[in-house]
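This report concerns only the one structure given below.
Just so it is clear, none of the values below were taken in a lab; they were calculated from the coordinates. Bear in mind the structure is a predicted one, so any value in this text is a computation, not a measurement. Backbone-built Cβ (ideal geometry, glycine too); neighbour counts: all protein chains shown.
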Amino acid sequence: MATTTQGLEDIVATNSRICDLDGKLGKLTYFGVDIHDLARSSSFEETAYLLWHGALPTGAQLAEVTKQLCTNRTLPGRIVDLMRLLPMTTSPMDVLRTTVSALSAFDANLYDKSTVANEQRAIRLTATIPTMIANWERIRSGKEIVEPLTDHTHATNFLYMLTGKMPDEYSAHALDVALILHADHELNASTFAARVSAGTLADMYAAITSAIGALSGPLHGGANEQVMRMLLRIGEVERAEVYMQDALSRKERIMGFGHRVYRTEDPRATHLRTMSEELGKRNNDTRWYDISRQIERYIKAHKRLNANVDFYSASVYYMLGIPIDFDTRLIRPRAEYVGAKVTEYVPLDERE
C-alpha cells in the first residue's frame with residue numbers, strides 16, 4: 001500500500017540552486033548569500049537580480065535592472081478600468097489575482113517562451129504588482145490613483161503610490177528589507193502552486209495567478225493579518241499576558257509562532273523584530289512592538305515556540321500604513337539545495 005504524507009511534509013519535491021533553508025540551524029541563503037548580509041547591505045532590486053541570474057550584479061547590471069523596474073510600473077488603462085468595475089468589497093488578493101491574469105491579454109508576445117521573453121515578463125510583473133495593489137487601495141477608499149514614480153526605489157514608489165506621500169528614509173528602508181526577507185523561501189505553498197502550473201507549460205501570468213490563489217488562503221498568506229487583528233484586540237501591553245492565558249486555556253492557536261521547517265528562530269523574524277521596534281520609536285508609539293514582545297516571551301516560556309516571519313511583519317506593515325487585509329496545515333514540500341554552500345556578500349564597488 002502506498003504511503004500517504006499529509007501536507008507533503010519532509011517530501012523532497014525538487015532540487016534547487018536558489019534557496020538553502022536549514023531548519024535546524026535557522027539559516028537562509030539565496031544562491032549561497034546569507035539572508036542577514038542581504039538584509040543589512042543589499043536592496044530589493046539587487047536581490048531580485050541575484051534570484052533571477054544567480055549572482056550579485058555589477059554596478060552597470062544593477063543600474064539596468066533598476067531602470068527596467070522603474071519604467072515598467074504603469075498599468076494599461078484598461079486594467080485600471082477593470083479594477084474600477086469590481087465591487088468595492090472585493091478583497092485585495094482577489095483583485096490582484098484578477099488583474100495579474102488580465103495582464104496576460106496585453107502581452108503581445110504571450111506565446112514566446114524564450115528566456116529573454118520570460119525575463120521581460122518577470123520584470124513587468126514585479127514592476128506592476130505594487131501598482132495594482134496601491135491602485136486598489138486608492139480606488140476602494142474613494143481617492144485619486146497616484147501615478148508611479150520612475151526614479152525611486154521599488155519600496156519608496158510603493159509607499160508613495162499607496163499613501164500619496166513620500167515616505168521617510170527609514171520607512172522605505174524597512175519595506176525594502178521586508179521585501180528581501182520575503183523574496184524566496186524554497187517551496188512554500190504558493191511557490192509550489194506556481195511551479196505546478198508552470199510545469200504544465202502554462203504561461204508566467206497563469207503560474208503567478210496560481211500562486212496568488214494559494215497565497216490568499218488563511219493558512220498561508222493570511223497569518224500576519226490575524227496577528228495584527230490580535231494585537232488590535234489586546235490594545236495595551238498590560239493586557240497581553242491575560243489575553244494569552246485566556247487564549248491558551250481555550251486551546252486557541254496563536255498565529256505567528258512555529259514553523260514547519262525551522263526548529264529554531266526564523267532568521268527573517270530577527271530583522272522584522274528590530275524594524276518593528278525602530279518604527280515604533282520613530283512613530284512615538286511602541287505599543288505594537290511592546291505587545292508583540294510580551295506575547296513572544298509568553299509563548300516562548302509556555303509553548304516553547306519561536307516567532308516566525310508572520311509575527312513581527314504584522315506590526316511592521318501596520319506601522320508603514322499598509323492596510324491589514326493586504327497581509328495575507330499547509331502544503332509544505334521541501335527542495336534539496338544543490339547550489340553554492342557559502343557565497344560572501346561582496347560590496348557593490350568591489351565587484352568585477
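Worth pointing out:
- Label point distance in nm, K143-V116, each placed 7 Å from Cα along Cα→Cβ: 4.1
- Computed from phi, the 3J(HN,Hα) profile of the range 26-39 under the Karplus parametrisation 6.51, -1.76, 1.60 (θ = phi - 60°) reads x, 10, 9, 10, 10, 6, x, 8, 5, 4, 5, 5, 5, 5 Hz, with x in place of Gly and Pro.
- Cα lying deepest toward the dipole's positive end in the range 68-189, options T150, M93, T126, charges on Cβ: M93
- Cβ charges +1 (Lys, Arg) and -1 (Asp, Glu), total dipole of the range 1-152, debye: 380
- Look at the dipole of the chain built from charges on Cβ: of S249, L159, N283, the Cα furthest out on the positive end belongs to S249.
- Computed over the alpha-carbon pairs of the range 81-205, the distance histogram in 5 Å steps reads 2, 9, 16, 20, 20, 17, 11, 4, 0 percent, short to long.
- Less than 5 angstrom separates the built amide H of K27 from those of D22, all sequence-distant by 5 or more or on a different chain.
- Phi-derived couplings, Karplus 6.51 cos²θ - 1.76 cosθ + 1.60 at θ = phi - 60°, listed residue by residue for the range 166-181: 5, x, 6, 4, 5, 4, 5, 4, 4, 5, 4, 5, 4, 5, 4, 5 Hz, with x used for Gly and Pro.
- Net length gained if the chain between S91 and D107 were fully extended (0.36 nm per residue, minus Cα distance): 3.2 nm
- Counting every pair of alpha carbons in the chain, the share spaced more than 28 Å apart comes to 45 percent.
- Summarised as an ellipsoid, the range 223-326 has semi-axes of 20, 16, 13 Å, derived from the eigenvalues of the Cα gyration tensor scaled by 5 and square-rooted, with the largest first.
- Hull volume per residue, based on the alpha-carbon atoms of the range 163-270 and their convex hull, is 170 Å³.
- Taking amide H as placed 1.01 Å from N in the peptide plane, the amide H of S16 sits under 5 Å from that of E336, Y337, V338, each at least 5 places away or on another chain.
- For V33, residues with placed amide H under 5 Å, excluding near neighbours: T343
- Estimated at 0.36 nm per residue, the fully extended path between D246 and S41 surpasses their Cα-Cα distance by 69.6 nm.
- Basic side chains Lys and Arg get +1 at the Cβ, acidic Asp and Glu get -1 at the Cβ, and with that the dipole of the range 223-326 about its Cα centre reaches some 400 debye.
- Its Cα centre serving as origin, the chain has a Cβ charge dipole (Lys and Arg +1, Asp and Glu -1) of approximately 1120 debye.
- Karplus-derived HN-Hα couplings along the range 291-300 (A = 6.51, B = -1.76, C = 1.60, θ = phi - 60°), whole Hz, x at Gly and Pro: 5, 4, 5, 5, 5, 4, 4, 5, 5, 4
- Selection from G217, G199, A174, by position along the positive dipole direction of the range 140-245 (Cβ): G217
- Sites Q68 and L305, calculated FRET efficiency, Cβ-Cβ separation with R0 45 Å, nearest 0.05: 0.60
- Each peptide among 283-294, 197-208 gets the average number of other Cβ atoms lying within 10 Å of its residues, and from highest to lowest they stand as 283-294, 197-208.
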